[in-house]
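First the structure, in the form of structure tokens, and then the observations on it.
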Amino acid sequence: MSAKDVLILKYAADLKEKCGITPDMDLLTKVTTGCGPSIYNPDSSIIAGTQQTEITTVKNNFLIKKLGLKDGPELLKGIEAVLEKYGTSNKSKYRAVVYYLLALHFGRESAYN
């Protein structure tokens, strides 16, 4: 099993245990692959949900560039909703899991087809 496969299983477990979601493993794999090498770096694999610069990066680089959404207040509301669902007390929010949840939240799973 590759390192990426191990991480995907970890992310799937997080979705089940912390979010109450049984993930679509094909979509989760595509989202994880889309994150590139950042998933292997302990710092970049985690989203700091309390840092405004991190939230701005997620909005601009993922929601607008990757998912093709238009900028507006609903993007920040979506990020807040996803971070809340993941658990505000949970410090380790994996980037791939947050991106997966955002793709579902905005109905943009097709960005990975």
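The values are calculated or read from the model by the stated rules, or taken from the named source; none is laboratory data. It should be emphasised that the depicted structure is a prediction, and the values quoted were computed from it without experimental measurement. No Cβ is skipped: glycine too gets one built from the backbone with ideal geometry, and neighbour counts run over all protein chains shown. When the accessible area is computed, the model is the full protein with side chains, heavy atoms only, and any ligands, DNA or RNA have been set aside. Shrake-Rupley method; radii C 1.70, N 1.55, O 1.52, S 1.80 Å.
A few points about this structure:
- Qualifying helices (runs of 4 or more DSSP H) (wholly inside the stretch 25-86; at least 3 residues being on the phi < 0 side of the Ramachandran plot, touching a helix residue (DSSP H, G or I) at 6+ places or on another chain (Cβ under 9 Å) and of a type outside the set (Val, Ile, Thr)): 25-34, 73-86
- Within this structure, LYS4 passes the test of being open to solvent by less than 90 Å² (accessible area, probe 1.4 Å) and either touching a Lys or Arg at 6+ places or on another chain (Cβ under 6 Å) or basic (Lys, Arg) (or both).
- Test: residue in the stretch 28-37 that is in contact with a Phe, Trp or Tyr (Cβ under 8 Å, 6 or more places away or on another chain), in contact (Cβ under 8 Å) with a residue 12 or more places away in the chain, closer than 17 Å to ALA13 by Cβ and of a type in the set (D, E, K, R): no
- Restricting attention to the stretch 91-113, the residues that are out of contact with any Pro (no Cβ under 8 Å at 6 or more places or on another chain), among the aromatic types (Phe, Trp, Tyr) and under 16 Å from PRO23 (Cβ atoms) total 3.
- Among (1) without any contact (Cβ under 8 Å) to a residue 60 or more places away in the chain; (2) in a loop (DSSP other than H, G, I, E, B); (3) in contact with a helix residue (DSSP H, G or I) (Cβ under 7 Å, 6 or more places away or on another chain) - the single one ALA111 does not satisfy: (2)
- Matching entry among LEU101, LEU67, LEU75 (being without any contact (Cβ under 8 Å) to a residue 60 or more places away in the chain, within 13 Å of the chain's Cα centre (by Cα) and either open to solvent by less than 40 Å² (accessible area, probe 1.4 Å) or under 14 Å from LYS30 (Cβ atoms) (or both)): LEU67
- Near pairs, Cβ below 6 angstrom, 6+ apart or cross-chain, from the stretch 81-93 (under 12 Å from ASP14 (Cα atoms)) to any residue that is in a loop (DSSP other than H, G, I, E, B): LYS93/GLY49
- Summed over the stretch 38-47, residues that are within 12 Å of the chain's Cα centre (by Cα) and without any contact (Cβ under 8 Å) to a residue 12 or more places away in the chain total 0.
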